[in-house]
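Everything below concerns the one structure shown next.
The values are calculated or read from the model by the stated rules, or taken from the named source; none is laboratory data. Quick caveat, the model's predicted, so the values are computed rather than measured. As a convention, Cβ positions derive from the backbone with ideal geometry for all residues, glycine included, and neighbour counts pool all protein chains shown.
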Amino acid sequence: MNYVQRGFFWVGIYLCLVLTPLFVLLLAPGLSGSGFWWDFSIALGFAGTSMMGAMFVLTARFRHAAAPFGIDLIYYFHRWIALVAFIFIIVHPAILLFLEPVFLEDLRISVISWHMLAGVISLITLTILMVTSLWRQQLKIHYDAWRIWHTLFAITALGLAIVHIEGVGNYVSSPWKRILWAAISACCLILLLYVRLIKPLVLLRHPYRVEQVVKERGDAWTLVLRPQGHSGFTFMPGQFAWLTLRNSPFALKEHPFSISSSAMQPQEIQFTIKELGDFTRRIKDVFPGQTAYLDGPYGAFSMDRHPSSDYVFIAGGIGIAPIMGMLRTLADRGDSRSLLLIYAYKTWEGLTFQEELEKLKEHLHLRVVYVLDTPPDNWQGESGFITDELLARHLPVAMNQHEYYLCGPVVMTAMVEKALRRQGVPLHQIHSEIFNLA
C-alpha cells in the first residue's frame, strides 16, 4: 500500500476504536428510554471515554501507524481531539444535572456512592490534565515534570471513568458489554506496559555514544552520536528522533530533535540544537563519551516521500536543522536538481551553518536567499519577513514543478504557507514540520 492507502487504513482503525463502544451502547438492551437528551448525555460519556482510551494508542509511537501522517501531526491531532473528548465528558454530567437537579443531592460526601465518586474524581483529574497541557508554558511547568504528571493523570482519569461506567451498570449489564470494557481496559494496560517498560528495555540495549559536541553559530550545538554495539537505524532525510541524555530510557526525560546529518551516513547521527530551554541550554555541557538513547526515526517531513524535479526549502531559525539534513543527503548522493533555500534569521553573525551552506553551493545546484531581521549596515540582501513580494522575487517561474519544505517557528510557518498559496503553489506540494510537539 502507498502512504495514502495506509493513511485511510489507520484512520479506519482509529474510528473503529473510538466508535465501537458507542455502537455497543446503542444495541439493546441498554438505553434507559428516558428521552433523547438523557440518552444523548450517556452517549457523550461513552464516546468521551473511548476517545480517552484511544489517546494511549495515538501516543504509543507505532512507527507503521505514524508513517502516513508523521508523528508530529499525530501529536497535534492528539492535542485537539483530547479537547473534544474533554468537552464530551464535561457535557455528559451537565445535561444529566440539568434534566434531574436532584442528582446534586447524591453527590454530597456523606451519601455519594463509590462509582459516582470515581466519576467525579475522574472529571477533576481530567480537568487538571487539560489545564496543565493547554497552558503548560504559561503556568511555568517544567516539561519533564509535566510529562510524568500528564501520564499519571491520564491513567487515573481513564481508570476511574471505567470504574464509574462499571459501577453504574445499566449500560454494561450484559456479559458481552462487560467483556468489551474489560478488553478496552486490558488494551490500555498493555499499551502502558509497552510504552513504559518494553520499549525502554529495547532502547537500553541499543545505546549511542557522544562522539563530539560542536559549537555552531546562533547559540546552537551539534551533537554527533554513534551506535554502540549495534547497527543503529536508517532514516529518511528530514526525520527526527527522541533523544535521552544523562538518564535511562525509563526516566521519561526524552526530547524530540530533527536529525541534521546526511541519511547516507546513518552510522553518524547529528542533532543541531539551539539553546532555548532548560534542557537545550545544557547541551553545551555534554562531553564526548557520554551515553545517549534514541527512539526513532519519526516524521513525514522528508523529500524522499515526495520525489520532484526540483525543491524549494524555507527555513526560519533552528528550523534549518532538518533541511540541512536534506541538503547534506542530496550532496552525498551527487544530486544535480535545482534547489532554492530561503533562510530567515535574526542576524548575519548568528546564522547557523553559514559557512557550510556556502560550501554546499560547490556540490549542489543550490541558490540561497538569506532574509535577515536585523541586517548589518552594508547588507545588500533581503531583510524583514518572508512576504508575498519576497517570494515573487525569488520563487522559480514553474512553481508547480517543485515541492516546498517549510520548517521554523509556528507563526512564520503559518504565514509562509498562506503566502505560498497566494502565489499559486498547490496545497499538496507544501510540506511543513510542526515546530513544537508539546
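Some observations on this one:
- Scanning the range 331-348 for residues that are of a type in the set (A, V, I, L, M) and touching a residue at least 40 places away in the same chain (Cβ under 8 Å) yields ALA331, LEU340, ILE342, ALA344.
- Residues in the range 205-213 include none that are assigned to a strand (DSSP E or B), surrounded by fewer than 15 Cβ atoms within 10 Å (Cβ to Cβ), assigned by TED's automatic domain parsing to the domain that holds PRO227 and β-branched (Val, Ile, Thr).
- Residue list for the range 357-373, filter: surrounded by 13 or more Cβ atoms within 10 Å (Cβ to Cβ) and over 20 Å from HIS394 (Cα atoms): HIS363
- Candidates ILE124, ILE198, ILE190, filtered to the one that is surrounded by fewer than 16 Cβ atoms within 10 Å (Cβ to Cβ), within 25 Å of HIS92 (Cβ to Cβ) and without any contact (Cβ under 8 Å) to a residue 60 or more places away in the chain: ILE124
- Test result for LEU223, part of a helix (DSSP H, G or I), within 21 Å of ILE259 (Cα to Cα) and at pLDDT 90 or above: no
- Going through (1) free of Cβ contacts under 8 Å to residues at least 60 places away in the same chain; (2) exposed (fewer than 14 other Cβ atoms within 10 Å of the Cβ); (3) within 30 Å of ARG196 (Cα to Cα) one by one, HIS142 falls short only on (1).
- Reported count of residues in the range 395-433, each being within 18 Å of the chain's Cα centre (by Cα) and either in a strand (DSSP E or B) or not assigned by TED's automatic domain parsing to the domain that holds LEU339 (or both), is 6.
- Candidates are the residues of the range 111-120 that are buried (at least 17 other Cβ atoms within 10 Å of the Cβ) and touching a helix residue (DSSP H, G or I) at 6+ places or on another chain (Cβ under 6 Å); the one that is nearest to SER50 (Cα to Cα) is GLY119.
- Any hit, the range 327-338, residues being within 26 Å of VAL425 (Cα to Cα), exposed (fewer than 13 other Cβ atoms within 10 Å of the Cβ) and over 29 Å from the mean Cα position of the chain (by Cα): yes
- Residues (free of Cβ contacts under 8 Å to residues at least 40 places away in the same chain and within 18 Å of TYR345 (Cα to Cα)) located in the range 392-418: VAL410, VAL411, ALA414, MET415, GLU417
- Residues in the range 336-394 that are of a type in the set (D, E, K, R) and part of a loop (DSSP other than H, G, I, E, B): ARG337, LYS346, GLU349, LYS361, GLU362, ASP373, ASP377.
- Boolean, LYS274 is over 18 Å from GLY238 (Cα atoms), basic (Lys, Arg) and not assigned by TED's automatic domain parsing to the domain that holds ARG61: no
- The residues listed here are HIS115, HIS92; of these, the one that is of a type outside the set (A, V, I, L, M), in contact with a His (Cβ under 8 Å, 6 or more places away or on another chain) and not assigned by TED's automatic domain parsing to the domain that holds GLY238 is HIS115.
- Filter result (in contact with a helix residue (DSSP H, G or I) (Cβ under 8 Å, 6 or more places away or on another chain) and exposed (fewer than 15 other Cβ atoms within 10 Å of the Cβ)) within the range 386-426: THR387, ASP388, ASN400, ARG421, ARG422, GLN423, GLY424, PRO426
- Single condition GLU349 does not satisfy, out of (1) surrounded by 21 or more Cβ atoms within 10 Å (Cβ to Cβ); (2) in contact with a Pro (Cβ under 9 Å, 6 or more places away or on another chain): (1)
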